[in-house]
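The values are calculated or read from the model by the stated rules, or taken from the named source; none is laboratory data. Please read all numbers here as calculations on a predicted model, not as lab measurements. Cβ sites come from the backbone with ideal geometry, for glycine too, and all protein chains shown count toward neighbours.
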Amino acid sequence: MNINIKRIAAFTSLAGLAVVMGFGSTTPSAAQVPGVAAPAGRERHEKMLEPHQKIVRSIKVLNRLDHMLTTKVDHDFQGHRVMAVKDIEQAIYQLKLALKADHK
């Protein structure tokens, strides 16, 4: 299966946009459901976690992209695919460090 570089770039752009825009979150919080009160302190806790959820979703998107590039793309694109995979893995590593740093 040959996937061209334009499709990879388009997927990456769309995935990044989806993360930034907050798509992919299907479970509403109690604060988002009309008539349902959030438990005491929970709303504040959810607001604190919101930026972290975007990081977690970004990690998931990058993991899927990494998997696609390493298993489904046959062409090497003169070494650029391998470099992209290394950059993706480095981005995942940095995002995981960011999550750990905030929990200290």
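Could you please tell me which pairs satisfy a Cβ distance under 8 Å, a separation of 6+ or placement on different chains, a first residue in the stretch 71-96 that is under 16 Å from Lys60 (Cα atoms), and a second residue that is among the small types (Gly, Ala, Ser) and at pLDDT below 95?
Once the first residue is under 16 Å from Lys60 (Cα atoms) and sits in the stretch 71-96, its partners that are among the small types (Gly, Ala, Ser) and at pLDDT below 95 give Leu95/Ser58.
Which numbered condition trips up Leu65, out of (1) touching a Ser or Thr at 6+ places or on another chain (Cβ under 8 Å); (2) exposed (fewer than 13 other Cβ atoms within 10 Å of the Cβ); (3) not charged (D, E, K, R)?
The failed condition is (2).
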